[in-house]
Amino acid sequence: MSDSIGILIFDSSAYTRSLLVERIARINGSFLHAYQSISLVDAKQLPHQTSLVVLNHHTQDIQPFEFIAELKTSNPELHVMVIVSPGNEKRTMDPLRLAGKIDALFEKPIDPEALAQHVSEQVHHLSGKQRMANENLNLLRFLPTGSLRRIFEKPEPGRAELFDMTVMFTDIRDSSRLISESSAQTYFARLNTVLGEQARLIRLHDGMVVKTTGDGLLAIFEGAARCHLALKCAHAIQHCALIQKASVGLGISDGLVLTGILGTPEHLHFDVIGMHVHLASRLCAMAQAGEILATQETIDKAHFEFSSQPLTEKITVRGFDNPVSCSHIQPNY
Amino acid sequence: METKFTDAQLSHIIDQSLIYQCACPAQVAKHLIGLRDLYAYQQGCLNQTDTDVAVHNRIASDAARAQSVLEECLHAVLILEKWDMHTLEMPASLQKTPRVI
């Protein structure tokens, strides 16, 4: 378990604070900050990674009601434990407990083992939640966000659906020369940097990376604004490539694409196939370094404001019977 | 009910103990608070029959007696343990290996 659960202890008495710290510091997977007073911390801006607060309230302390209420209002996931004397002191805290602002209310004198066990359970629980949230976030990076998501609801091999989408291929030019001029490790690191940035930009423009293709990526965009977003993303990728001193060509096509899960139950992967995937791949191969080559249909649907007028022509594409109307886009930055 | 220690003083004694191991006066103080709760609770009970009145009177008088006995006990224990009787502060010698944080 990583040390990632932050615990704040508030106790105005140095002695009892030291007892609490001594007990709680033994719990694995957590780190502590101890404060003499609640006035030393802004309930709205707790230290990074704070997940648990232990407040030992003393009779002569300033009333902590507003502070406790603000803790949960500003940090709903926070676990708040309050230790208090029995009788009136405890009764004054009951409304906060009933309102869900206090998660656990301990009556003094406390059983230190029970306290340590409660904190330990919470640390374990919160670590698990944090780990699940991280895993979920990581998984989401591989999943589409729109209607495509339903493919993943029943990820059965061979299941496929037709979607209207914009397909984009990217490819780093001159990679053979780069490989020969540098070590494999250096080239791989550079490739990872360039493709990593491309993937980030694709995600930023609501697209999804389907797979890497050696020196490039295959990405798809869906939804009403897909053509516009794909072109905008392509411009961003070329701008980024310019900064990275990388030569990149891009091909884009829009239309019906078959999407589905391929493989066996032991190994599955999402893929897209169809005429427009082939076409975008061919256009990418034909694009010059720094160029975006897109079908005219994509350009017409995109309503995109180009920095320089695209050059339109009919191109003969291998595997297609008729020439395809395309636009060469050379972004100006 | 007459009391020797106020509620705030009892809470202050309990506050300083925190955990069971060093909490003899706190345990007594806790039961005193419990007795006060019992007394207050029965004061709010309805008297619908003569028996009710007798029951509540009995609880009130016995709670008061118990209160008096335990308060005397607390007072004696605090003196035995050399607490500061003005501030009701626990003597440093009773604290368990404190660390300054």
#### Entry: Of all residues in segment A:117-147 being in contact with a strand residue (DSSP E or B) (Cβ under 6 Å, 6 or more places away or on another chain) and over 24 Å from A:Asn75 (Cβ atoms), the one that is modelled with the highest pLDDT
A:Gly146
### Task
Tell me which residues, restricted to segment A:148-195, are free of Cβ contacts under 8 Å to residues at least 60 places away in the same chain, out of contact with any helix residue (DSSP H, G or I) (no Cβ under 9 Å at 6 or more places or on another chain) and among the aromatic types (Phe, Trp, Tyr).
A:Phe188
### Task
Consider A:Ser74 carefully, then state whether it is in contact with a Lys or Arg (Cβ under 7 Å, 6 or more places away or on another chain) and of a type in the set (Gly, Ala, Ser).
yes
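Within segment A:99-112, is there a residue that is out of contact with any strand residue (DSSP E or B) (no Cβ under 9 Å at 6 or more places or on another chain), without any contact (Cβ under 8 Å) to a residue 40 or more places away in the chain, part of a helix (DSSP H, G or I) and not polar (S, T, N, Q)? Break it down into steps so the answer makes sense when it comes.
We begin by selecting, within segment A:99-112, every residue out of contact with any strand residue (DSSP E or B) (no Cβ under 9 Å at 6 or more places or on another chain); these are A:99-100.
Subsequent filtering for residues that are without any contact (Cβ under 8 Å) to a residue 40 or more places away in the chain retains A:99-100.
Checking the rest, the ones that are also part of a helix (DSSP H, G or I) come to none.
No.
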### Task
Just give me the residues in segment A:323-333 being closer than 14 Å to A:Gln296 by Cα and assigned to a loop (DSSP other than H, G, I, E, B), in sequence order.
A:Pro323
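Answer yes if at least one residue in segment B:45-59 is under 21 Å from A:Asn88 (Cβ atoms), part of a helix (DSSP H, G or I) and modelled with pLDDT of 85 or more, and no otherwise. Don't jump to the end; show me each part of the working.
Initially, segment B:45-59 is screened for residues under 21 Å from A:Asn88 (Cβ atoms), giving B:45, B:59.
So of that shortlist, the ones also part of a helix (DSSP H, G or I) come out as B:59.
Among the residues that remain, those that are also modelled with pLDDT of 85 or more are: B:59.
Yes: one or more hits.
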### Message
I'm told B:Lys30 meets every condition in (1) away from chain A (no Cβ under 14 Å); (2) under 27 Å from A:Val84 (Cα atoms) except one. Can you identify the failing condition by its number?
### Response
(1)
### Query
If a residue has to be at negative phi, surrounded by fewer than 18 Cβ atoms within 10 Å (Cβ to Cβ) and under 34 Å from the mean Cα position of the chain (by Cα) to count, how many in segment A:2-34 make the cut?
9
### Task
From the list A:Ala246, A:Ala285, A:Ala219, pick out the single residue that is out of contact with any His (no Cβ under 6 Å at 6 or more places or on another chain), assigned by TED's automatic domain parsing to the domain that holds A:Leu195, in a loop (DSSP other than H, G, I, E, B) and within 30 Å of A:Ala189 (Cβ to Cβ).
A:Ala246
#### Entry: Which numbered condition A:Asn56 misses (of (1) more than 14 Å from chain B (Cβ to nearest Cβ); (2) in contact with an Asp or Glu (Cβ under 7 Å, 6 or more places away or on another chain))
(1)
### Query
Do you know which residues across segment B:6-44 are touching a helix residue (DSSP H, G or I) at 6+ places or on another chain (Cβ under 6 Å) and part of a loop (DSSP other than H, G, I, E, B)?
B:Leu18, B:Ala23
### Task
Look at B:Gln95 and say whether it is surrounded by 12 or more Cβ atoms within 10 Å (Cβ to Cβ), modelled with pLDDT under 90 and under 20 Å from B:His31 (Cα atoms).
no
### Query
Under the condition of being buried (at least 17 other Cβ atoms within 10 Å of the Cβ) and facing chain A (nearest Cβ under 7 Å), which residue from segment B:17-26 is modelled with the lowest pLDDT?
B:Ile19
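Within segment A:254-282, how many residues are of a type in the set (S, T, N, Q) and either over 27 Å from the mean Cα position of the chain (by Cα) or farther than 26 Å from A:Val317 by Cβ (or both)? Don't jump to the end; show me each part of the working.
Taking segment A:254-282 first, the residues of a type in the set (S, T, N, Q) are A:259, A:264, A:281.
Adding the requirement that they be either over 27 Å from the mean Cα position of the chain (by Cα) or farther than 26 Å from A:Val317 by Cβ (or both) leaves A:264, A:281.
Residues in segment A:254-282 being of a type in the set (S, T, N, Q) and either over 27 Å from the mean Cα position of the chain (by Cα) or farther than 26 Å from A:Val317 by Cβ (or both): 2 in total.
Can you spot a residue in segment A:82-96 that is more than 25 Å from B:Gly34 (Cα to Cα) and surrounded by fewer than 18 Cβ atoms within 10 Å (Cβ to Cβ)? Please lay out each step first, then the result.
Initial filter on segment A:82-96 (more than 25 Å from B:Gly34 (Cα to Cα)): none.
No, segment A:82-96 has no match at all.
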#### Entry: Checklist (1) in contact with a helix residue (DSSP H, G or I) (Cβ under 8 Å, 6 or more places away or on another chain); (2) of a type outside the set (A, V, I, L, M); (3) at pLDDT 90 or above applied to A:Arg200, failing item
(1)
### Message
With the requirement that a residue be more than 7 Å from chain A (Cβ to nearest Cβ), of a type in the set (A, V, I, L, M, F, W, C) and surrounded by fewer than 17 Cβ atoms within 10 Å (Cβ to Cβ), what does segment B:1-16 give you?
### Response
B:Met1
### Single match in A:Thr186, A:Thr212 (criterion: surrounded by fewer than 17 Cβ atoms within 10 Å (Cβ to Cβ) and under 25 Å from A:Leu162 (Cβ atoms))
A:Thr212
#### Entry: Tally of residues being more than 8 Å from every other protein chain (Cβ to nearest Cβ), part of a loop (DSSP other than H, G, I, E, B) and under 21 Å from B:Ile13 (Cα atoms) across segment A:6-35
1
### Query
Taking only pairs six or more apart or across chains, which ones have beta-carbon atoms under 7 Å, a first residue in segment A:21-39 that is in contact (Cβ under 8 Å) with a residue 60 or more places away in the chain, and a second residue that is surrounded by fewer than 19 Cβ atoms within 10 Å (Cβ to Cβ) and part of a strand (DSSP E or B)?
A:Ile24/A:Leu32
### Task
Output the residues belonging to segment A:95-116 that are at pLDDT 90 or above and over 20 Å from B:Leu32 (Cα atoms).
A:Pro95, A:Leu96, A:Arg97, A:Leu98, A:Ala99, A:Gly100, A:Lys101, A:Ile102, A:Asp103, A:Ala104, A:Leu105
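The values are calculated or read from the model by the stated rules, or taken from the named source; none is laboratory data. All values derive from a computational prediction rather than experimental measurement. Positions of Cβ are backbone-derived with ideal geometry, glycine not excepted, and every protein chain shown enters the neighbour counts.
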